[in-house]
1. Is it true that S229 is without any contact (Cβ under 8 Å) to a residue 12 or more places away in the chain, among the polar types (S, T, N, Q) and either out of contact with any Pro (no Cβ under 6 Å at 6 or more places or on another chain) or not assigned by TED's automatic domain parsing to the domain that holds Q298 (or both)?
2. Would you check if there is a residue in region 98-121 being within 28 Å of D303 (Cβ to Cβ), touching a Lys or Arg at 6+ places or on another chain (Cβ under 9 Å) and hydrophobic (A, V, I, L, M, F, W, C)?
3. Exactly one condition in (1) modelled with pLDDT under 85; (2) assigned to a strand (DSSP E or B) is false for G317; which is it?
4. How do the pairs read when you match residues in region 279-294 that are acidic (D, E) with residues anywhere that are at pLDDT 95 or above, using Cβ under 8 Å and keeping only pairs 6 or more apart or on different chains?
5. Can you confirm whether L175 is closer than 15 Å to R295 by Cα and touching a residue at least 40 places away in the same chain (Cβ under 8 Å)?
6. When the residues of region 162-181 are filtered to those that are of a type in the set (D, E, K, R) and modelled with pLDDT under 85, which remaining residue is surrounded by the fewest Cβ atoms within 10 Å (Cβ to Cβ)?
7. All but one of (1) part of a loop (DSSP other than H, G, I, E, B); (2) surrounded by fewer than 19 Cβ atoms within 10 Å (Cβ to Cβ); (3) modelled with pLDDT of 80 or more hold for A144, so report the exception by its number.
8. Mind checking which residues of region 357-366 are without any contact (Cβ under 8 Å) to a residue 60 or more places away in the chain and surrounded by fewer than 17 Cβ atoms within 10 Å (Cβ to Cβ)?
Amino acid sequence: MTVPRFRVFVSSVIEGFAEYRQAVRDGIEQASGEGILVNEDFPSQASSSRNTCLDAIDSCDIFLLVLGARGGWKTPSGRLVVEEEYDHARARKLPVLVFLEDVPRDAEAERFATGLSDYVDGNFRVKFSGASQLRDQVERSLQALVDTRNNRPMDHDPIAAHLLKPHRLSDQTSLRFAIAPERVEEVFDALDFASPDFAERMMELGHSRDVRLFGYSYAKESPRLEGHSLVIEQKFGDNWSDGRQGVRLAVGENGVVTIDTNATGRTKRTSSFDLADIMTVAIESVEALLTASFRFAQALYDDKDPYKRHQRFYWNGVLSGMGNRSLVRNPVSQQHSYRMNMGDKDGAMPAFPAARLIARADIAQPMKEIERAILYWEREAKSGR
């Protein structure tokens, strides 16, 4: 799988700066990065120029500012456009690289440059003269920054802890789906979780026609905070004749999503004593639940990360409470006899020994991942371990 390139937002004036902006792009690419130059690269947007630029900064890993002789346009707040972008990047805690052209500046540019160069609150900046020197300085600075970041230890299975104690739904076989962005960072602001609008949006996504994680005919508990996660539960209910469909959704500030659902007891019964539910887990049911879970994850990340900062994800699933049930396709209701799974797998049975690393496109088209998970579970269920 191709390693995604780090994204660098380029902030500068536009008029008369084309040669320098191209030099910056070349330097970024020579450092194996991807330059994000809104004016040159972005199509027409439905949002304002300001929001488009600030959203693009949110999607990047590094902010790079080039300041020359002119400060450029001012925003309604009275700040320079490049100044507002710089402040936004710092508020988002992005690494900031500053390059100052060695030329006299107008009053606004000089004011901004003085603040950028402040010994305590500013940035260690590099001066340059000419496009060629700027390109080389950009490449050198980025390479040093990326080498430092790549030497940090990484957690190769960030969702393992979320699979240790899956949430059980009554006496049914339960499925836990867990997915997390590869980047270890705060994905959702804690203030979002405190807003009723965020929980309402999660409910909308879960009920949407394309997702169908939740059902309108099932009661929901009030959204609640558990540690650093927002939790929404659809009650399991006790109406076995119409089928019971419990859901527990947890969305963490770090972008980790866990979804617990019952894989058995979901269909209508003619009797409370139904051997099909007691002795089998339908593969079709597990496939449908995984599909709904992937669709919710896609809807969530598309909604909250529209500029696709997060490109790769870890995922895994766990079946728990299998007991003596067998995992079968198209189970047929029988009156007296079923093949019993003698392994008595009542504990957690993960689909994979370690979380799988997938691309964002795999979330939108998850069938191969689902097929792979089913294959692993079938092997495990038959192994008798």
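The values are calculated or read from the model by the stated rules, or taken from the named source; none is laboratory data. Only a predicted model underlies this, so the values are computations on that prediction, with no experimental measurement involved. Cβ sites come from the backbone with ideal geometry, for glycine too, and all protein chains shown count toward neighbours.
1. When the stated conditions are applied, S229 does not pass them.
2. Scanning region 98-121 turns up no residue that is within 28 Å of D303 (Cβ to Cβ), touching a Lys or Arg at 6+ places or on another chain (Cβ under 9 Å) and hydrophobic (A, V, I, L, M, F, W, C).
3. Just one mismatch for G317, condition (1).
4. Between residues of region 279-294 that are acidic (D, E) and residues that are at pLDDT 95 or above, the close pairs are E287/I370; E287/I374.
5. So L175 does not fit the description; no.
6. K165
7. Among (1) part of a loop (DSSP other than H, G, I, E, B); (2) surrounded by fewer than 19 Cβ atoms within 10 Å (Cβ to Cβ); (3) modelled with pLDDT of 80 or more, A144 violates only (1).
8. Within region 357-366, A361, Q365 qualify.
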